[in-house]
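The values are calculated or read from the model by the stated rules, or taken from the named source; none is laboratory data. It should be emphasised that the depicted structure is a prediction, and the values quoted were computed from it without experimental measurement. Methodologically, a virtual Cβ is constructed for each residue, glycine included, from the backbone with ideal geometry; neighbour enumeration extends over all protein chains shown.
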Amino acid sequence: MMKNNSSPSVLIVDDEAVMVMLLQVRLRASGYHVSATASSKEEAISKAVETKPDYVIMDIRLTGKGDGIEAAEQILKRLQTKIIFITGYSEGDIKRRALELDPAAFITKPFDIAELLTILEQV
């Protein structure tokens, strides 16, 4: 897959199909290139390595084994990219584990897409 260099690329990782579709529509409308989507840890790692996105929007709860924090850790070992965690789960241990990876942002669901777009412009 060829990377579109004229606009920043984003990998969306979330197990909720509606959230993925909503993010795709809003990101594309705002000038971002959605390089791929994924719903599991392994798929996220594979798609990130394949597409080398500028940003990864990462849900923490994913389908299958492993979570978004583990996926982000593996992606960051391979790529220079910015991770933005989005999650409905912000309990202490989960948030602590996520923040140890020094993400560009940690957003709790539900969130306003405009907030996410602002964060993308700032990081």
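Quick notes on this one:
- Those residues of region 43-62 which are among the basic types (Lys, Arg) and part of a helix (DSSP H, G or I), in sequence order: Lys47
- Residues that are more than 11 Å from the chain's Cα centre (by Cα) and among the aliphatic types (A, V, I, L, M) were ranked within region 46-72; the one that is farthest from Arg96 (Cα to Cα) is Val49.
- Pairs meeting the criteria (first residue in region 61-78 and farther than 10 Å from Ile45 by Cβ, second residue among the charged types (D, E, K, R), beta carbons under 6 Å, at least 6 apart or on different chains) are Leu62/Asp15; Leu62/Lys41; Thr63/Asp15; Gly68/Asp59; Ile69/Arg97.
- Being assigned to a helix (DSSP H, G or I), touching a Pro at 6+ places or on another chain (Cβ under 9 Å) and in contact (Cβ under 8 Å) with a residue 24 or more places away in the chain holds for only one residue in Leu120, Leu116, and it is Leu120.
- Against the test of being free of Cβ contacts under 8 Å to residues at least 60 places away in the same chain, surrounded by 15 or more Cβ atoms within 10 Å (Cβ to Cβ), within 20 Å of Glu121 (Cα to Cα) and not basic (Lys, Arg), the options Val10, Val56 yield a single qualifying residue, Val56.
- Lys65 vs. criteria surrounded by fewer than 17 Cβ atoms within 10 Å (Cβ to Cβ) and assigned to a loop (DSSP other than H, G, I, E, B): yes
- Failed condition for Ala17, given (1) surrounded by fewer than 15 Cβ atoms within 10 Å (Cβ to Cβ); (2) within 13 Å of the chain's Cα centre (by Cα): (2)
- Odd one out for Gly31 among (1) at pLDDT 95 or above; (2) not in a loop (DSSP other than H, G, I, E, B): (2)
- Evaluating Lys77 against the criteria (1) under 17 Å from Pro8 (Cβ atoms); (2) modelled with pLDDT of 95 or more leaves one unmet condition, (1).
- Only residues that are in a helix (DSSP H, G or I), in contact with a Phe, Trp or Tyr (Cβ under 8 Å, 6 or more places away or on another chain) and in contact (Cβ under 8 Å) with a residue 24 or more places away in the chain were counted in region 79-111, giving 1.
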